[in-house]
1. Which ³J(HN,Hα) values, rounded to whole Hz and listed in residue order, are derived for region A:99-106 from phi using the Karplus coefficients 6.51, -1.76 and 1.60 in 6.51 cos²θ - 1.76 cosθ + 1.60 with θ = phi - 60°, glycine and proline given as x?
2. For the charge dipole of region A:442-496, defined by +1 on Lys and Arg C-beta atoms and -1 on Asp and Glu C-beta atoms about the Cα centroid, which residue among A:Q451, A:N485, A:N473 has the Cα displaced farthest towards the positive pole?
3. Taking amide H positions as placed 1.01 Å from N in the peptide plane, with prolines and chain starts having none, which residues 5 or more places from B:S82, or on another chain, fall under 5 Å of its amide H?
4. Which aspartates and glutamates, on any chain, are close to A:K388 with Cα under 13 Å apart, when same-chain ones fewer than 8 places away are left out?
5. Hey, fewest Cβ within 10 Å first, where do C:M128, C:M158 land in order?
6. Roughly how many whole Å is it from the C-alpha centroid of region A:437-501 to that of region A:293-336?
7. Below 8 Å, C-alpha to C-alpha, sequence gap of six or more: please give me the relative contact order for chain A in percent.
8. Evaluate the relative contact order of region C:47-291 (contact order divided by residue number), counting alpha-carbon pairs under 8 angstrom at least 6 apart; express in whole percent.
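Nothing in this text is a laboratory measurement; each read-out follows from the coordinates by a stated rule. Fair warning: this is a prediction, and the values are worked out from it, not measured in the lab. Heads up, the Cβs are rebuilt from the backbone with ideal geometry, glycines too, and the neighbour counts pull from every protein chain shown.
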Amino acid sequence: MMLLRRLPTFAAFAALTAFTFAGPSWATDKDVLVIDKAEDPPTADPGVEVSNNGYTLIFPAYERLVKYDGAKTEVIPELAESWTTAPDNLSWTFKLASGHMFDDGSPVDAAAVKYSFDRVKKLAAGPGDMFPTVKDVVVVDPQTVKFELSAPFAPFLSALATSAGSIINPKAQEHAVNGDDAKAWLAEHSAGSGAFKISAWERNQQITLDPNPHYAGKAPAFKQVIFKIVREMSSRRLQLENGDADLIDQVPVDQAEAMKSSAGVVIESNPSLYVVYLYLNNKKAPFDNPKVRQAISYAADYKGLVDGVMQGQAEQMRGAVPDGMWGHDPQGMQYSYDLEKAKQLLADAGVSNLHISFTYSQADSAWEPVGLALQASLAEIGVTMDMKNVADTTKRELVAKGDYDIATGAWTPDFADPFMFMNIWFDPTKMGAPGNRAFYENPKVTDLITQALATVDQKKREQLYIDAQKITNEDAPYVLLFQKNDIFAMRSSVKGYVYNPMLIQVYNIADMSKSE
Amino acid sequence: MSLISTILRRLVLLVFVVAGVAIITFTISHLIPGDPAQLIAGDKASAQTLAHVRQELGLDKPVTQQFVIYVKQLLSGDLGQSLRTRRPVAGDIALFLPATLELGIAALVMAIMIGVPLGVLSAIYKDGPVDQAARVVSVAGISMPVFWFGLALILLFYVKIPILPGSGRITLGIAAPPRITGFFLVDSLVAGDLKAFWSSLYHLILPAFVLAFANLGIITRQIRASMLDVLQEDYVRTARANGLSRSAVILRHALPNALIPSVTLLGLAFGDLLYGAVLTETIFAWPGMGSYVVSSIQTLDFPAIMGFTIVASLGYVLINLAVDLTYMVLDPQIRELG
Amino acid sequence: MAADGIATSPRPASRLRMGRLWYRVKGSPLTLIGTAIALLVLFVIMAAPLLAPYPPDKISLSARLAAPSLQHLFGTDEVGRDLFSRVLFGARASCGIAFAIVIISTVIGSIIGCLSGVVGGIVDTAIMRLMDVFLALPALILAMALAAALGPSLFNAMLAVAVVRVPAYVRLARGQTLSLRNRTYVKASRSFGASPAYMLRWHILPNALSPIIVQATLDLGGTILTAAALSFIGLGAQPPTSEWGSMVSSGRNYFLDQWWYVTFPGLAILISAMGFNLLGDGLRDMLDPRLGGR
């Protein structure tokens, strides 16, 4: 048959193409850095973006008034040269350093600072919540800008170092359509003074960054940085192992364990402030009884979760403020895995034949194994727990409405201050979506955290927060599981990466380089 | 029934379908708990911020009013804005659809290239070993979980014996051809970029094969059945009796006639393609509609889900209409039967 | 399964067909294999607790991701559950759900289809237009939307796939009804004043049954796949239920190092879907002389 006769030709063609393209493809260039990301960043707009995935682009493309000092959570000057605070803590004046320029060559001045902060406020999307007390931004002279606050806000300086504090070129406004303040344009372009600028963005495929020729700092080692969107973890890993990628984002613990033996691959695993915990619905029986909440806390196999599920790449929590943040109590009380005690507590509380649900999503891969382990432990003490896997937005909505028994949570601080935990998790005015997702209220705790927010002295604040944690540990509104390591992997040829717990998924590509 | 009345009837159906789909998806999107505002403003957004975002999205209006607005937008071709990508859904679909179509067409071509000869052979050697083997292959194709088959092939041909790429549309480092049609194969040829062409073709092999394998069985069976029918016809027997060679009779007389009923398969294949693409694209990191809609479903990005559903159903109806019309033109008998 | 359905029918004609059926099954090795697989699946569904060496939900965080061995024939998963036991129990969820879906959609579809055909007129038109709308919806998408709306669970996935499958049966049953309606004996009984219900019960349903049963058997394989696909994208079975699709889904994160995790549940899907497809295929060839009789 004719088709059959043609087959050899086709086979020869296939073999030929295989030889041409096969093998561990090209070795990536020394001055090109290839990073595989799991998801396309939603936007690169500092006025809108609230995900670390978006911060990956925003941090290298923009500069802020202040920045985190290398690996530390303290801030040092970036665009601002110096600053002063009024005695009443109600205004802050920043003097801008000269020489910083946007990627079009125009200087970063006080007007740009005002434009950026006014825009964040006007858009009133997530980043707006970072500066709840900023009343007005005043241009004093081209190099001086003054922030007026409606109330003293202790973590203000720290908040300026976040993505929301990025300074945008006011010329971006020329791209505004239908009064959107350039939201559509800035979603996929950059207009900053950082070391890089976004030069191309093919949705769901790749994003290319080119150096900003007007960058004030040292010129970066890379002529180009490419972010490839590769959803499957196994594909990301294979690309890294084959040398098709230099760095891959978001590596689950199991993969990290398996990749340790791969030649030329380095696993970066660093203690982070990312905590995994469970909300217990304090407003709903039986969790309105602290004894039942404590019983659940005793039914979690902390060691099994840390060693088994997290492969030792995590640490059991000790109070709400994680290790690595000031306000953490190294002597804080920890619950242990003790089913006898849990059973006793349930008996004391007078509950039996408990039937509860566990609401979770796949947004964090640890949630399902955590639920499975808890389900098995609870079954041993006569508690039936149903697993309810829902879309992440659905989980949030159910939690916000208090329509759950136990739900999963994960939390990272936006700025380096125990405020991010204590004044959010336990504040009765922030019940539901804003952060007090356990619907917890204890007047003594409320009093301590309110006092801490109004206090300026850090030592005094720290003591107040530690005192509050002593009570909340006892009340157990949440099951405090573990703080996990941030894990990603890169080729051993990549040099100069500095980890900062406040900058998850943000790579200091301006200072990194490749040997070979 | 005449061509024109068929077309008219189908166009009325089209209106029904779009209206039905719009109502169903809109209702569902308002039944599911989940605050789209939280998707945009983030996990820690304050109540005021959420309220502001909700207002911006028009979610503070009564549901009936929201539906009226949605329908009005729909009539002007506006599918709304995706919550996840923050871009117009219509734009997203235009962006991702070509990748899916390219994959689907490649798969269809592959399935036809393998399925037609296989079907012809099994009809000629009915009940022989070829027929039995073809039957096993086609049943395996229909029974294969695509998502698992994809993984297995990646493990085999990308990991263990690395001869084929396992993800993406083109080798990184080779620039994608300038976008004209969005089909990499076409665009790279237009641009005269052979390197990009080969690389795209090469990346198509595994995912297209996975998709093709699922449709292979259907095509083989159909060709086999209609070949068997045609081989019984008088004119084939006459041609054979007149001394024409066996292969000449099959290729020149039997096959063309046996292919006509297979035209209907194109409509079926399109439905399968959409279904298969959702899973195949996820496995192969293929940047098309399939991965787009899976991500949208996972994040409950309703404007995107609704837009996709409407476009997909429209496409389905139109393709089936085209197929039926072709069939009516090719085979006048059908026209009389209606 | 399908053979049972025909065998229990009291009509002599069916009994006759049953005898011929078995004669033909014996002659076709592929159909025999299909029958054997189908019976095996049924056996596993019933005997899973007796066959499984471990409870399917028994987790053991210290024995996670163990390779296949004598203790764990198929290895273990990421929380140390025995995969062999989970695959066995998975038959209940994965195939059980497929049975349920096919039965629901067959029954509902046949009733609507027969009614539509018998009653005719504007009711018929309305029903068929509605079915056209359902048919035009991409099946998986509708299933996903429904599963998302009602919340992901095995039951809701079942409902969703059943809804998607209904139009096919409506069309089939209606087509059968229309062709039967014009047969002389049906026309005769109508002229003697038989009610539509009577005709449906005594003339239409029994005769429309065999093609519907063949279609149902053929659909079983496809339904196993669709249900597994829904679970694979996280809209079907919920943990800790063992279900093949969701096992492949969680296993794909480990497929580079722990090949066994995705392999066995995937094979289970393939083999059982193949079994039902071969069986259905064989049945159809036998009952449809146009395709198989020659």
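1. Computed from phi, the couplings for region A:99-106 are x, 7, 10, 6, 5, 9, x, 7 Hz.
2. A:N485
3. For B:S82, the qualifying residues are B:R87, B:V89.
4. A:E368, A:D403, A:D405
5. Final ranking by Cβ density, sparse to dense: C:M128, C:M158.
6. Cα centres, region A:437-501 to region A:293-336: 12 Å.
7. Contact order relative to length: 20 percent.
8. 23 percent
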